[in-house]
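Structure record follows, encoded as structure tokens.
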Amino acid sequence: MKELASRIQKGEVTALSITERAIKLAKASQKDLNAFITICEKEALDKAKALDALVKNGKTLGPLAGVPIAVKDLLLTTGIRTTAGSKILDNFIPPYSSTVVQKLEAAGAVIIGKTNLDEFAMGASNENSAYGPAKNPWDLTRVPGGSSGGSAAAVAAGITLGAIGTDTGGSIREPANFCGIVGLKPTYGRVSRFGVVAFASSLDQVGPMCKTVEDAALMLEVISGKDMNDSTSASVATQKWSQNIPTDVKGMRVGLPKEYFVEGIEPEVEKNVRRSIEILKNAGATIVDISLPHTKYGIGVYYLIAPCEASANLSRYDGIRFGHRAKNVADLSELYKRSRGEGFGPEPKRRIMLGTFALSSGYYDAYFKKACKVRRLIRNDFTEAFKKCDVIATPVTTGPAFKVGEKSSDPLAMYLNDIFTLSPSLAGIPGISLNCGYSKEGLPTGIQLLSNHFEEDKIIRAATVIEKNQTDVRKVPYGL
Amino acid sequence: MTSQSNIDKKTIQKIADLAQLALTPEEENLYTEQLGSIVNYVSLLSEVNTDGIEPLVTPTDMAFTMREDEPLKQLSPEEIVANSPDKSGNLFKVPPVL
């Protein structure tokens with residue numbers, strides 16, 4: 001990414017030629033991958049031409065000069081349709097852009113399209129998209145993961161070097177893992193959510209999905225920082241994460257939580273994770289055993305808190321100010337009910353129902369409040385663990401990408417897929433997932449690295465060491 | 001929290017009403033079954049002792065911040081109503097309320 005930006009800045013290649021190539025690949029891939037909901041060809045080509053003109057006039061562009069980027073269709077883009085993967089926003093044209101998109105554009109990035117996702121980012125397979133599921137470039141019969149599945153598929157297929165995803169309970173790390181790329185979920189509050197369609201506000205976070213750790217670090221530099229338009233964004237200094245990343249992990253303590261290495265993990269997944277842990281050890285790290293005793297409650301806590309917050313956030317879709325409106329209604333109440341009933345797909349409805357139930361009179365203390373208390377215990381587990389180690393290493397999922405349709409009829413089976421990514425989200429800590437090998441069928445399998453709040457530098461360093469020392473690096477079989 | 005869920009079809013209809021969500025009879029049946037099994041699963045939390053534990057609602061310890069209350073140039077009324085399915089000038093149109 002740095003090399004491409006530098007070549008465009010020097011005028012060795014034009015932003016236009018690079019953008020044209022990315023658009024061509026994106027279009028050609030659609031019938032197989034369905035990675036995009038909208039490809040913004042005209043806007044992207046105009047932007048690229050404008051950047052080339054600036055280069056010609058001797059202007060210095062930002063760190064992403066002319067780099068094509070795909071953005072999850074959950075982030076608002078001025079004048080470009082933003083659907084959140086839902087029919088209820090099928091015709092929604094935002095009048096403003098999210099802070100992340102503004103920052104990317106200010107850094108010189110060219111946004112080539114809006115990527116496919118599970119409706120309102122609710123899902124782990126992309127099968128909940130109202131625009132058809134995206135597919136995994138490693139095996140078109142398998143899911144790319146979710147909810148940021150289109151972003152993962154686009155990067156894995158080589159359409160762009162980087163994409164933006166969002167992660168509420170694993171929606172960056174899990175699809176990155178299934179597609180063999182790098183996904184970084186920053187600390188809660190590190191990146192502004194202004195202009196990001198809200199799902200669960202105490203969990204949602206925006207982050208980069210890239211081919212390399214360095215690229216993810218560079219994109220994090222561009223998008224992070226305090227934003228006056230998001231009161232939950234943190235006033236914590238950002239760093240030049242992509243510069244001078246150490247090539248060793250001398251003195252780093254890497255914790256292995258016993259609750260994350262349990263029966264049910266496919267042998268190849270565990271073998272690959274353990275081989276990466278050996279790499280860290282050989283590069284100077286000390287391996288320590290740790291315990292996160294409340295791990296088994298993570299799914300239960302998440303599947304109460306996230307639906308509760310979602311049911312509140314999704315109450316804005318009322319058919320009046322924007323989005324789908326039912327026809328031939330008698331009164332306001334019928335308008336609300338039918339607009340929402342017709343506009344939302346099955347998963348948002350399920351979560352609205354679950355959240356409304358858990359927040360309703362008589363159940364609030366037993367479900368929502370109880371979940372928030374156990375959430376504190378889960379966070380305390382991590383606080384204790386980080387006294388003994390700097391970074392925690394775990395699998396991302398129990399197995400590689402599953403088949404399209406394999407889990408879609410059983411919501412609980414789908415929820416259990418997120419077992420290793422949910423607890424870190426509940427604790428608000430950052431996590432990175434990157435490829436560390438392949439399954440018997442030749443599908444990518446990943447490792448997840450976690451650190452304490454606002455310590456992204458540590459996981460970027462450890463991930464870089466693992467990445468640079470991989471001996472088995474394969475090319476994605478899907479060719480464009 | 002009990003180990004058996006108390007979700008029946010009547011409960012589903014009441015929740016759908018609270019959530020302002022029209023469900024088809026098929027959806028009512030489906031969600032009665034699915035929410036029942038999800039609620040049974042999350043009832044696992046009842047075995048955790050949380051006596052004296054404060055609920056955690058936001059995961060980091062950062063202080064809540066506010067900005068200066070200054071007028072900023074924001075969207076025009078035309079831009080704000082542009083996405084409305086039914087409008088009259090700069091106003092949102094709704095069916096009769098009373």
Part-to-part distance (alpha-carbon centres) for the range A:389-447 and the range A:117-152, which is given in Å | 14
Applying the Karplus parametrisation 6.51 cos²θ - 1.76 cosθ + 1.60 with θ = phi - 60° to the phi angles of the range A:284-293, what ³J(HN,Hα) value in whole Hz is obtained for each residue in order, glycine and proline being reported as x?
-> x, 7, 9, 9, 10, 7, 10, 9, 10, x
Is there a pair in A:Lys87/B:Lys9; A:Lys240/A:Lys370; A:Lys87/A:Lys135; A:Lys349/A:Lys373 whose C-alpha atoms are over 30 Å apart, and which pairs would that be?
-> A:Lys240/A:Lys370
What are the ³J(HN,Hα) values, in whole Hz, obtained from phi via the Karplus relation 6.51 cos²θ - 1.76 cosθ + 1.60 with θ = phi - 60°, for each residue of the range A:183-200 in sequence order, with x given for Gly and Pro?
-> x, 10, 9, x, 4, 3, x, 5, 10, 5, 9, 4, x, 9, 4, 7, 10, 10
Across peptide A:421-429, what mean number of C-beta atoms from other chains lies inside 10 Å of a residue's C-beta?
-> 2
For the range B:24-98, which chymotrypsin sites (Phe, Trp or Tyr not before Pro) are both in a DSSP coil and crowded by at most 12 other Cβ atoms within 10 Å?
-> B:Phe64
Packing rank of A:276-287, A:65-76, where each peptide gets the mean count of other beta carbons within 10 Å, highest leading | A:65-76, A:276-287
Give me a single rounded figure for B:32-43: the average over its residues of other chain Cβ atoms within 10 Å of their Cβ.
-> 5
For A:Ile37, other-chain or 5+-apart residues with amide H closer than 5 Å (H placed, Pro excluded) are A:Lys114, A:Thr115, A:Asn116
Of all trypsin sites (Lys or Arg not before Pro) in the range A:387-447, the ones in DSSP coil with at most 15 other Cβ atoms within 10 Å are A:Lys440
Once the Cβ-Cβ distance between A:Lys369 and B:Asn29 is put in as r, and R0 is 41 Å, what FRET efficiency do you end up with, to the nearest 0.05?
-> 0.85
Reciprocal mean inverse distance between Cα atoms of the range A:117-270 - Kirkwood radius, Å | 16.5
Quick one: dipole size for the range A:65-215, taken about the Cα centre, charges +1 on Lys/Arg Cβ and -1 on Asp/Glu Cβ, in debye to the nearest 20.
-> 140
Return the distance in nm (one decimal) between the two label points of a simple spin-label model at B:Val57 and A:Asp410, each offset 7 Å from Cα along Cα→Cβ.
-> 3.7
In sequence order, calculated HN-Hα J values of the range A:70-85 (Karplus, 6.51, -1.76, 1.60; Hz; x Gly/Pro) | 9, 10, 3, 6, 10, 9, 5, 9, 3, x, 10, 3, 10, 9, 6, x
Let me know the charge dipole size of the protein assembly as shown about its Cα centre in debye, to the nearest 20, where only the beta-carbon of Lys, Arg (+1) and Asp, Glu (-1) is charged.
-> 920
Interchain or sequence-distant (5+) residues whose placed amide H lies within less than 5 Å of the amide H of A:Gly437 are A:Thr445
Using mean Cβ contacts within 10 Å as the protection proxy, how do A:4-11, A:108-115, A:342-349 order, highest first?
-> A:108-115, A:342-349, A:4-11
Likely footprinting exposure, A:Ser425, A:Ser333, fewest C-beta neighbours within 10 Å first = A:Ser333, A:Ser425
For the charge dipole of chain A, defined by +1 on Lys and Arg C-beta atoms and -1 on Asp and Glu C-beta atoms about the Cα centroid, which residue among A:Gly113, A:Gly165, A:Gly431 has the Cα displaced farthest towards the positive pole?
-> A:Gly113
Which of A:Glu384, A:Glu270 has the fewest Cβ neighbours within 10 Å, and the rest in rising order | A:Glu384, A:Glu270
Going down the list A:Lys388/A:Lys458; A:Lys440/A:Lys475; A:Lys10/A:Lys211, which pairs span over 20 Å between their C-alpha atoms?
-> A:Lys10/A:Lys211
Among GluC sites (Glu not before Pro) in the range A:400-463, those in a DSSP loop whose Cβ has at most 12 other Cβ atoms within 10 Å are A:Glu441
Using alpha-carbon pairs under 8 Å, 6+ residues apart, how would you state the relative contact order of the range A:1-154 in percent?
-> 25
Ranked highest first by average number of other Cβ atoms within 10 Å, how do A:216-229, A:14-27 line up?
-> A:216-229, A:14-27
Helix-only mean residue ellipticity at 222 nm for the protein assembly as shown, each DSSP H run of n ≥ 4 adding -39500 (n - 2.57), per residue, nearest 500 | -11500 deg cm²/dmol
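Read-outs: derived from the displayed coordinates by stated rules, not from any lab. Keep in mind that this is a model prediction, so the values were computed, not measured. Neighbour counts run over all protein chains shown; Cβ positions are idealised from the backbone, glycine included.
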